[in-house]
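Colleague: Sending over a structure as structure tokens; questions will come in a sec.
Quick note: the coordinates plus some simple rules give every number you see, no bench work behind them. Because the structure is a prediction, the values reported are computed rather than measured. Every residue, glycine as well, gets a Cβ built from its backbone with ideal geometry; the counts of neighbours run over all protein chains shown.
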Amino acid sequence: MNEYDVLERYIHESNYIVALTGAGISTAAGIPDFRGEKGIYTLGIVPERVFDIDYFLRDPRPFYEFTRRMIETLEGSGPTLMHRFLAYLEEIGKLKLLVTQNIDGLHTLAGSKNVIEIHGSYRRSFCLNCGKEYDFSEVKEMILKNTVPYCSCGGLIKPDVVFFGEGVKGFEEARQHAYLSDLFLVVGSSLQVQPASLLPYFSPGKVVIINKGPVAFPRSRIDVHIDEDCELVAEELMRRLKK
């Protein structure tokens, strides 16, 4: 019995799956991860200047200059096969909650409904002064014209994403679901970023890792580790579950 046989059996036997996804699930959509060979950190940016909330409040230009470089990539991306596979697991009643570290919004586009975007989403923005909400299409036009977007009230517009130095979103709810899970899937994450990386520890059920490369999680706690590209895994699992 190989890893796919075991995972297929786990899915069939489970009643309460919780999934945690990371950047590795979206690389097939053309969105770079952070630490990979072609990741964001290889683009010559200084993370402390671009993604730190205190620096952003003092000088938002580095963040929005980076965002302007990424607009074409973000707008041209769509859900991958793995995004759609996880939406399918929810559709058939197996997946109860999907927690993502990604800010690309692709899980929602794939049809997933029970999603916690623990690091927020770039598809929403708001004014730090008056609280007015903005859709990304509105903010995009400002970024392309002026680099830094400001509200009609004069306040700075901030994307609804979690910067370094800010608290994550929905962690307590995610933890409660993890406690209830009989199968916890980690997909496309090396589990290096806390507190999201702590969630599998709360599951009393099986823990399955689907990630190309090593993960920062005790080997003794991993029931199955499929060390392959997420798209290849999704293709095989879809073939098995839909036959």
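Colleague: Report the percentage of all Cα-Cα pairs in segment 112-167 whose separation exceeds 18 Å, rounded to a whole percent.
Modeller: Of all Cα-Cα distances in segment 112-167, 36 percent exceed 18 Å.
Colleague: To continue, here is another question. What is the angle, in °, between the Cα long axis of helix 81-91 and the longest principal axis of the Cα atoms in the chain? Nearest 10 is fine, range 0 to 90.
Modeller: The angle comes out near 70 degrees.
Colleague: Next up: With the contact rule set at Cα under 8 Å and sequence spacing of 6 or more, what percent relative contact order holds for segment 126-196?
Modeller: On the way: 40 pairs, mean separation 18.6, N = 71.
Across segment 126-196, relative contact order equals 26 percent.
Colleague: Could you list Leu95, Leu191, Leu241 in order of exposure, starting from the residue whose Cβ has the fewest other Cβ atoms within 10 Å? Mind showing how you got there, number by number?
Modeller: On the way: Leu95 24, Leu191 21, Leu241 15.
Final ranking by Cβ density, sparse to dense: Leu241, Leu191, Leu95.
Colleague: Give me Asp59, Asp227 ranked fewest to most by other Cβ atoms within 10 Å of their Cβ, as a rough exposure proxy.
Modeller: Details: Asp59 10, Asp227 13.
Going from sparsest to densest Cβ surroundings: Asp59, Asp227.
Colleague: Right, another one. Per residue, what volume in Å³ does the convex hull of the Cα atoms of segment 124-243 enclose?
Modeller: For segment 124-243, the hull spanned by Cα atoms encloses 171 Å³ per residue.
Colleague: For segment 108-151, what does the relative contact order come out to in percent, with C-alpha contacts under 8 Å and a separation of six or more?
Modeller: Working: 26 pairs, mean separation 10.7, N = 44.
Once divided by the residue count of segment 108-151, the mean separation gives 24 percent.
Colleague: Of the cross-linked pairs Lys158/Lys212; Lys113/Lys169; Lys94/Lys243; Lys132/Lys169; Lys96/Lys242, which ones have a Cα-Cα span greater than 22 Å in the structure shown? Walk me through the numbers before you get to the answer.
Modeller: On the way: Lys158/Lys212 33 Å; Lys113/Lys169 16 Å; Lys94/Lys243 17 Å; Lys132/Lys169 19 Å; Lys96/Lys242 19 Å.
The pairs that break the limit, which is 22 Å between Cα atoms, are Lys158/Lys212.
Colleague: Turning to a different aspect of this structure: Farthest toward the dipole's positive end in the chain, which of Asn114, Tyr150, Thr21, given Cβ charges of +1 (Lys, Arg) and -1 (Asp, Glu) about the Cα centre?
Modeller: So the residue furthest toward the plus end is Tyr150.
Colleague: Multiply the residue gap between Asn129 and Asn146 by 0.36 nm, knock off their C-alpha separation, and tell me the result in nm, one decimal place.
Modeller: Working: separation 17, 0.36 × 17 = 6.12 nm, distance 1.90 nm.
Extra length from Asn129 to Asn146 when fully extended: 4.2 nm.
Colleague: Between helix 3-13 and the chain, what is the angle of the helix's C-alpha long axis to the longest principal axis, kept within 0 to 90° and rounded to the nearest 10?
Modeller: 90
Colleague: So how tilted is helix 230-241 from the main axis of the chain? Cα-based, degrees 0 to 90, rounded to 10.
Modeller: Around 40 degrees separate the two axes.
Colleague: Normalised by the number of residues in the chain, what is the relative contact order in percent for Cα pairs under 8 Å and 6+ residues apart?
Modeller: Working: 428 pairs, mean separation 58.0, N = 243.
Relative CO of the chain lands at 24 percent.
Colleague: If I histogram all Cα-Cα distances within the chain using bins 5 Å wide from 0, what percent of pairs lands in each bin?
Modeller: P(r) over the chain, rounded to whole percents: 1, 6, 13, 18, 19, 15, 11, 8, 5, 3, 1, 0, 0.
Colleague: Turning to a different aspect of this structure: When each pair of different Cα atoms in segment 131-195 is counted once in the 1/r mean, what is the Kirkwood radius in angstroms, to one decimal?
Modeller: On the way: mean 1/r = 0.0653 Å⁻¹.
Every distinct Cα pair counted, the radius reaches 15.3 Å.
Colleague: Only counting other Cβ atoms within 10 Å, I'd like Phe126, Phe164 sorted with the fewest neighbours first. Numbers along the way, then the final one.
Modeller: Details: Phe126 17, Phe164 13.
Listing Phe126, Phe164 from fewest to most nearby Cβ atoms yields Phe164, Phe126.
Colleague: What do you get for Rg/Rh over segment 50-146 if you use C-alpha atoms and the Kirkwood form of Rh? Working shown, then result.
Modeller: On the way: Rg = 15.5 Å, Rh = 15.1 Å.
With Rg and the Kirkwood Rh in hand, the quotient comes to 1.03.
Colleague: In debye to the nearest 20, how big a dipole does the chain give about its Cα centre with +1 on each Lys and Arg Cβ and -1 on each Asp and Glu Cβ? List each step's numbers first, then the result.
Modeller: Numbers: 28 positive and 33 negative charges, 35 e Å.
The dipole of the chain has a size of about 160 debye.
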